[in-house]
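What follows is one structure encoded as structure tokens, with my remarks underneath.
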């Protein structure tokens with residue numbers, strides 16, 4: 001049996017806003033184009049999740065909504081600027097076999113590097129830019145069996161390449 005993780009950093013957010021906090025920052029124009037592009041790539045490749053677990057921030061919520069994946073999403077404060085250990089803990093509590101996690105750097109990049117056995121051959125994997133999405137498989141029956149460095153990379157994409165920018 002296998003479990004599949006789709007690990008996505010939120011799409012590009014706006015910095016020039018008058019929102020009251022970092023948590024409330026929305027996506028910018030490029031981010032609003034990038035999220036649907038990542039979702040289209042996921043659909044085309046058959047990487048659709050059964051469950052989405054996302055940070056509760058405005059930019060992760062918007063990323064999730066614009067992806068329009070048609071599956072239940074749970075928004076949690078635990079993933080807002082979460083470190084690798086917290087992402088691991090949240091994922092290990094997932095209920096479905098194909099799970100998407102949407103979060104923030106630097107935690108998402110650090111988690112991506114430590115959860116797979118070897119990185120994909122992609123120049124942008126190290127910095128994990130906004131919208132970057134990793135698909136990895138784990139030879140486990142449930143997420144409670146998750147262990148570090150056990151994922152096998154299936155694919156990795158960044159929105160700029162999908163949009164031809």
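Every number in this text was worked out from the coordinates using simple rules, so none of it is lab data. Just so you know, these numbers come straight off a predicted model, no measurement behind them. Cβ sites come from the backbone with ideal geometry, for glycine too, and all protein chains shown count toward neighbours.
Descriptive notes on the structure:
- Ranking of 139, 22 by count of other Cβ atoms within 10 Å, fewest first: 139, 22
- Sorting 17, 60, 130 from the fewest to the most surrounding beta carbons within 10 angstrom yields 17, 130, 60.
- Debye-formula intensities of the stretch 28-100, expressed as log10 I(q)/I(0) at q = 0.16, 0.27 Å⁻¹, are -0.59, -1.29 (one equal scatterer per alpha-carbon, no solvent).
- The relative contact order of the stretch 48-87 comes to 47 percent, based on Cα pairs under 8 Å that sit 6 or more residues apart.
- Treating each Cα of the stretch 76-165 as an identical point scatterer and summing with the Debye formula, the log10 of I(q)/I(0) at q = 0.10, 0.12, 0.21, 0.24 Å⁻¹ comes to -0.24, -0.35, -1.07, -1.35.
- Length-normalised contact order for the chain - Cα pairs under 8 Å, 6+ apart - percent: 32
- Dividing the summed -39500 (n - 2.57) terms of all DSSP H runs of n ≥ 4 by the residue count of the chain sets its mean residue ellipticity at 222 nm at -8500 deg cm²/dmol.
- Diffusion coefficient, µm² s⁻¹, Stokes-Einstein with Kirkwood Rh over alpha-carbon pairs of the stretch 1-51 at 37 °C and 0.692 mPa s: 255
- Exposure proxy ranking for 15, 143, based on other Cβ atoms within 10 angstrom of each Cβ and starting from the fewest, stands as 15, 143.
- On the principal axes of its alpha carbon atoms, the stretch 92-132 extends 32, 21, 14 Å, with the longest extent given first.
- The chain: radius of gyration over Cα atoms, expressed as a fraction of 2.2 N^0.38 Å: 0.95
- Between 0 and 90°, nearest 10: helix 58-67 axis offset from the chain longest Cα axis: 70
- Taking label points 7 Å from Cα along the Cα-to-Cβ direction, residue 142 and residue 95 give a separation of 1.2 nm.
- Residue separation of residue 76 and residue 17 scaled by 0.36 nm, minus their Cα-Cα distance, works out to 18.9 nm of gained length.
- The fraction of all Cα pairs in the stretch 68-120 landing in successive 10 Å bins from 0 to the largest distance is 22, 54, 24, 0, given as whole percents.
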